[in-house]
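Written below as structure tokens is the structure these notes are about.
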Amino acid sequence: MHRGLLPTLCLMLALLTCSWAPLPELEGEAHPMDGPDVELRIQRTKAGLRLALRANLVFLDETLGSMREIPQEIAPEEEQALEETTLEWLRDSQILRTEAGALEFKKLNATWVPADPERIPYFPREGERALTYLDLRLDYSVPESLDQVTVTWPTFPVNPVLAAPGSTDMESTPTIEVKAVLMAGPEERVATLTKEEASYLWRLPQGQGADHLLALPAVPNISPPISPHYWIIMALGAVLSACMLLRRSPLRLTLALIAIAVMFSLGRQSMQGDTPDWGTEQATKTFHVLHGNLYRAFDFHEPESVYDALEQTVHGDLLEELYREIHTSLIMEEEEGALCRVETVSIKELVISETSTDAPLQFKALCTWQVLGVVHHWGHSHQRKLQWTAEFRIAARPEGWRMVEARILETERLPVEVEEEPAPSNTGKTF
């Protein structure tokens, strides 16, 4: 009897040991939920509202009751049918409403994101179903004057991570939360929709963030110097007049000589021009504003709006170059190309040089600064910190101060000291 039990005990011990063995580490965090998962992003565009919905198969199955030949996956020939069912459900749900009623949408595109095989072992409950997503883009045509919209989410499946095993009390069973990222102009906020509070009134900011950029200092007014040829002609005329007055009256001659002296004194100042109180302090303030606006421009979500904001900071061909440099630095490849939101920009070192008082006013700035960018996911965030060193030339243009030249000297990725969950809005942003 003991001989028969020994192999059985060895086999059980081996199985338990295997089950306790840790999974190999993956690069990056497995942030999707091992259960029903849905993300919602709504962006105010020039044409209206754009809704981006990302839902995994678990959520679609539990919400729509979809059936497939192989429940754990979706075959290519089954994708279109599930897309249509999802679109019909969204129309019936009336997710976006105004005071005039529900808003109608048209489908922009639909994409299926297959499961990453390397991540499947980390999702023992749902496996491939948890990592297979449907991405939908919907466009809503609304008037530009729209000032508020109500966002309502219709269904909240059970949260299997928080639910007690074997629980049958559906009233007290925890359900998932749906995070809606709301973007308009430079503003970004996160609304949490729950079973108890399924609606959110989104008050749209007006003006598309026209006052988001920092106010630039005015360009000092410089009087251009008067040509010396003008004063040579005036001097000859004064000498001739003095010779004529010498014959008539010594008093008149004295007054004429005094007038000539005053005229030459003023002429000397005019030939030098009117130099304002301009120097390193004023140049430093100007650079801080321009540099801050360089990153504030990327708070806008549409490329056209980013370009419009950059035109108030950068001049000429430099605009395209800096847009490309900064945009590329904010892309987080390890997060499927997600674009970081800039949280803080801090200047570490700034050297101002060559502050010229010739028209146009201009100066050079050698600057080292750090940028902290964040990609938000539900429940946590990914941060990236970069340090830049560059040399800029700033000049006064007819439209105001502008960056006219930039030379990137060094870019370095730095470790993030503390992983924090910053506020998903611009209110806490530091420049």
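Observations on the model:
- Just one residue in the set Arg129, Arg125 is basic (Lys, Arg) and touching a strand residue (DSSP E or B) at 6+ places or on another chain (Cβ under 8 Å); that residue is Arg129.
- When segment 330-343 is limited to residues that are surrounded by fewer than 17 Cβ atoms within 10 Å (Cβ to Cβ) and not aliphatic (A, V, I, L, M), the one that is modelled with the lowest pLDDT turns out to be Glu334.
Condition check ((1) outside the structural domain of Glu325 (by TED's automatic domain parsing); (2) modelled with pLDDT under 55; (3) closer than 17 Å to Leu294 by Cα) across all residues:
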position	(1), (2), (3)
Gln383	no, no, no
Leu386	no, no, yes
Phe392	no, no, yes
Ala396	no, no, yes
Glu405	no, no, yes
Glu410	no, no, no
Glu420	yes, yes, no
Ala423	yes, yes, no
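Listed here are the residues, each with its yes/no results for (1) among the charged types (D, E, K, R); (2) closer than 24 Å to Lys195 by Cα.
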{"site": "Leu108", "(1), (2)": "no, no"}
{"site": "Gly127", "(1), (2)": "no, no"}
{"site": "Ala130", "(1), (2)": "no, yes"}
{"site": "Asp135", "(1), (2)": "yes, yes"}
{"site": "Pro157", "(1), (2)": "no, yes"}
{"site": "Pro165", "(1), (2)": "no, yes"}
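The values are calculated or read from the model by the stated rules, or taken from the named source; none is laboratory data. For clarity, every value in this text was computed on a predicted model and none was experimentally measured. Cβ sites come from the backbone with ideal geometry, for glycine too, and all protein chains shown count toward neighbours.
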